Structures are given as C-alpha cells and as structure tokens.
Amino acid sequence: MSRIRKGYEDRFRALLRQARARRLEEGVQWLVAKAGNLSARERISLAGALARVYERLAVNKRLQASPPAPASIHFLCDAGLGGLARWLRGAGYEADWQPGIEDDHLLKEARSLQATLLTTDAMLMERRLLRDRIIPVFWLPPTLSIPEQLSLVFREFGLVVRGPRCMSCGGELRRVPKEALRDRIPPKTYGWLDEFFVCRRCDKLFWHGTHWHRIMARLTDLKH
Ligand SMILES: [Zn+2]
C-alpha cells in the first residue's frame, strides 16, 4: 500500500506543481487525508479512494498544463500495461509493449524509440532518467480499468481519436471488401457489419464491434 500511496503523492505533487499551487506539500497531504476520509466514509479501500481523488483532480482543466501532443507521439507501455497499449493502437497511436520486459531494458527502449513511457510502477519513477525527465513519463494509478487508463492518457496528452492501427502490432490497417474475406469472417459478424480491415504488417483481420465503438465514444466525449 505504501508504494501505491507514494505513487499518488508524486502525482498529486506533479499536478499541484503544474497548477503552480503554493504550499505544495500541504496540498499533497490534504489530498491524501481527503482520500482517507473518503475511504472511511464510503468503506472503500484507501487505494480506491486515492484513485477517485486523483481522477477528480486530473479532470480539472485548471490542472491540465501539458502541451498538446505532437502528432508523432510514441508511447512505450510497461510490462503491466499490455491492454492499454492495444487500445492506444486501436485509437490510432503508436504504442509499444513487451511482456515481462525488465526495467533496464524498458528504459533503454524508451530512449532509443524516443518514446513517452507509461507506467503504474511508483518505484520505477524513482529512476534518475525518469525523475530528471530525461525520458518523458506518465504515471498511472495501478487501480484503474483499461478504459479508465485510456481516458486518463487521452486527457493528459490532449489526444483525439485517430484512424485505428492494428491492435496487435500497431501496423496500418487497410479496408478490404468483405466479399474478399468471406472465409475469414465469422458468419454472424459477416451478416451484421460491412467494414473490415486487414493489417498491412501482420495480416490480422479487424472489425469494429460494439465494444470498440463504446470505448471510442467515451474518448470522444472527453472533449465536451
Ligand atoms: Zn498487425
């Protein structure tokens, strides 16, 4: 728990600093205490309460000082964020991920790809390369669901939904007439949908089901 708490303290501090808050440490402790009260009042775990306080704070426009993302932003997700990487690709962004990657290797990859690191690991944030912002990094609370992680990254970097990339490898998708894919599409889906895509890199087949539409709609709503 203390690691999670420390991770939140760092994020609270970063948000308050962005907002040029005075008495930074008092602000951080006030937010932690607020989560403590919420946890007691609503009988939820402290981790859950910290996540809620953080979420509310992060949506506060006044605290969003990050510049708009350059078109070429490239994400590198830590070993635990494979689901987030898939959905970032689904929303049109480059996002690399390797299962079980060691921390040293992860940092090396981030440097060579000039990528922005996404991590839930508060200990990793202690590394000098991240602390000194030599590698750009964004810490996500470890308690969020994948759609919540995705929304948070979208808000933090001011992203918009773009043409989807392959969720498996990040390759470009090309639209293929469904007749040409008849033997690869499950019959029910073939009847329901008309738009099908194939990855130019790995040849995987994709279509946008209700789950995809729901998640993308949620991201689009963030803008309003
Ligand atoms: Zn692919």
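Quick notes on this one:
- Residue match in region 52-59 (condition: at pLDDT 85 or above, buried (at least 21 other Cβ atoms within 10 Å of the Cβ) and under 22 Å from L159 (Cα atoms)): yes
- Assessment of region 171-189 against the conditions (surrounded by 14 or more Cβ atoms within 10 Å (Cβ to Cβ) and either touching a Ser or Thr at 6+ places or on another chain (Cβ under 7 Å) or at positive phi (or both)) yields no matching residue.
- Index of the failed condition, F197 passing every other in (1) more than 16 Å from the ligand (Cβ to nearest atom); (2) surrounded by 16 or more Cβ atoms within 10 Å (Cβ to Cβ): (1)
- Residues that are out of contact with any Pro (no Cβ under 7 Å at 6 or more places or on another chain), modelled with pLDDT of 90 or more and within 16 Å of the ligand (Cβ to nearest atom), drawn from region 145-175: R165, C166, M167, S168, C169, G170, G171, E172, R174, R175
- Residue that is nearest to the ligand (Cβ to nearest atom), among those in region 200-219 that are surrounded by fewer than 13 Cβ atoms within 10 Å (Cβ to Cβ) and not basic (K, R): C202
- Pairs with Cβ under 7 Å, 6+ apart, first in region 199-214 and of a type in the set (K, R), second within 8 Å of the ligand (Cβ to nearest atom): R200/G171; R201/C166; R201/C169; R201/G171; K204/C166; K204/S168
- Residue that is farthest from R89 (Cα to Cα), among those in region 182-192 that are within 33 Å of the chain's Cα centre (by Cα) and more than 15 Å from the ligand (Cβ to nearest atom): K188
- Scanning region 92-119 for residues that are under 10 Å from D78 (Cβ atoms), in contact (Cβ under 8 Å) with a residue 40 or more places away in the chain and out of contact with any Phe, Trp or Tyr (no Cβ under 7 Å at 6 or more places or on another chain) turns up just one, L117.
The values are calculated or read from the model by the stated rules, or taken from the named source; none is laboratory data. Just so it is clear, the model here is predicted, and its values are computed rather than measured. All Cβ positions, glycine included, derive from the backbone under ideal geometry; neighbour counts span all protein chains shown.
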